[in-house]
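Peer 1: Have a look at this one before I ask anything.
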Amino acid sequence: MSPDGPLRCPRCRKVAVEAHAPFCSAACRDRDLLDWLEERYVIPGPPLEDSDAGPDGAAPPQ
């Protein structure tokens, strides 16, 4: 427990369970992961340049 009370699940605000912290259940944990995988969350930053570079930054073979 934190000084401000119990840790709350960031998805549903129920009390978090240690086995799934910071979430309350595997369902909330998995839904959050799915949101990241489907790019519903983004981290702000400068726009990426459109290029032919692959995901590792290397140019494609010619």
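Read-outs: derived from the displayed coordinates by stated rules, not from any lab. Predicted, not measured: the structure shown is a model, and the values here were computed from it. Counting neighbours? That spans all protein chains shown, and the Cβs are built from the backbone with ideal geometry, glycine included.
Peer 1: With θ set to phi - 60°, apply the Karplus curve 6.51 cos²θ - 1.76 cosθ + 1.60 along region 20-29 and write out the HN-Hα couplings as whole Hz, x wherever there is a Gly or Pro.
Peer 2: 10, 3, x, 9, 8, 7, 5, 4, 5, 4
Peer 1: Gain in length, ALA19 to LEU48, computed as 0.36 nm per residue apart minus the alpha-carbon separation, to one decimal in nm?
Peer 2: 6.7 nm
Peer 1: Here's something else I'd like to know. What residues have an amide H closer than 5 Å to that of ARG8, excluding those fewer than 5 places away on the same chain, when H is modeled at 1.01 Å from N in the peptide plane?
Peer 2: The answer is ALA16.
Peer 1: Arranged from highest to lowest average of other beta-carbon atoms within 10 Å per residue, in what order do the peptides 26-32, 38-44, 4-10 appear?
Peer 2: By packing density, highest mean first, the sequence is 26-32, 4-10, 38-44.
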